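Trainee: Input: one structure, supplied below.
The values are calculated or read from the model by the stated rules, or taken from the named source; none is laboratory data. This structure is a prediction, so every number in the text was calculated from the model and none was measured. Note that we place each Cβ from the backbone using ideal geometry, even for glycine, and neighbour counts take in every protein chain shown. SASA here: full protein model, heavy atoms, side chains in, ligands and nucleic acids out. Shrake-Rupley method; radii C 1.70, N 1.55, O 1.52, S 1.80 Å.
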Amino acid sequence: MSEPIVAASLFRTVMAAAGGRCQCEGECGQAHAKSEGRCPREHDQYASKHSGPVRLMAAAADPLTPDCQAAALSASGLRAWCPQCFTAARRSAQRRSASAPSADQCGLFDL
Ligand SMILES: [Zn+2]
Ligand SMILES: [Zn+2]
C-alpha cells in the first residue's frame, strides 16, 4: 500500500474513518452526482479496466494546506482523497484564494 505524506498508522486511521473511500464531496469541482454527492473511488479498487488500482491519499482536509504542514496534522485534520480530487480541489481552492496572501511558504505546490 502506498502511504504518501503521513505515517502508516495515521494513514490507516484516516482510511478507516473514511471507509476506504475518497471523502471529496464536490470540492474538486465535480458534483459526484452519480454517487450521492461523494466521490466513489475506493482505495485499491480499480476505477476502470485501463488504469491501475486507486491509491487514495491521506491529505489535509483543507487542500490549501502546504504539504509540510499537512504532515504535522492529526487524523482529525486529514481526510481521504483520491489524487484526482485532491489535485483538482487544491487548484480550485488556489483560484478562489488567488487574491489572498498565499500559503505556499513551503514551495511544494508544484504537483
Ligand atoms: Zn475522489
Ligand atoms: Zn471529487
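Trainee: Can you say whether ALA47 is more than 13 Å from the chain's Cα centre (by Cα), more than 23 Å from LEU10 (Cα to Cα) and either of a type in the set (Asp, Glu) or modelled with pLDDT under 90 (or both), as far as the supplied structure shows?
Mentor: yes
Trainee: Still on this model: Quick one: GLU27 ticks every box in (1) in contact with a helix residue (DSSP H, G or I) (Cβ under 7 Å, 6 or more places away or on another chain); (2) away from ligand 2 (no atom under 13 Å from the Cβ) except a single one, so which number is it?
Mentor: (2)
Trainee: Which of the residues spanning the range 47-57 are open to solvent by less than 60 Å² (accessible area, probe 1.4 Å) and either without any contact (Cβ under 8 Å) to a residue 24 or more places away in the chain or of a type in the set (Phe, Trp, Tyr) (or both)?
Mentor: SER48, SER51, GLY52, PRO53
Trainee: Scan the range 58-69 and report the pairs whose first residue is in a helix (DSSP H, G or I) and whose second residue is open to solvent by less than 10 Å² (accessible area, probe 1.4 Å), with Cβ atoms within less than 7 Å and a gap of 6+ or a chain change.
Mentor: none
Trainee: What's the total number of residues in the range 70-93 that are in a strand (DSSP E or B) and either over 8 Å from the mean Cα position of the chain (by Cα) or away from ligand 2 (no atom under 12 Å from the Cβ) (or both)?
Mentor: The qualifying residues number 1.
Trainee: Further question on the same structure: Need the failing condition index for ALA17 against (1) within 16 Å of ligand 2 (Cβ to nearest atom); (2) modelled with pLDDT of 95 or more, just the number.
Mentor: Result: ALA17 passes all but (1).
Trainee: Sticking with this one: Within the range 64-91, which residues are of a type outside the set (A, V, I, L, M, F, W, C) and out of contact with any Asp or Glu (no Cβ under 7 Å at 6 or more places or on another chain)?
Mentor: THR65, ASP67, GLN69, SER74, SER76, GLY77, ARG79, PRO83, GLN84, THR87, ARG90, ARG91, listed by residue number.
Trainee: Oh, and also: Would you be able to tell me the number of residues in the range 28-46 that are open to solvent by less than 70 Å² (accessible area, probe 1.4 Å) and in contact with a strand residue (DSSP E or B) (Cβ under 8 Å, 6 or more places away or on another chain)?
Mentor: Count: 5.
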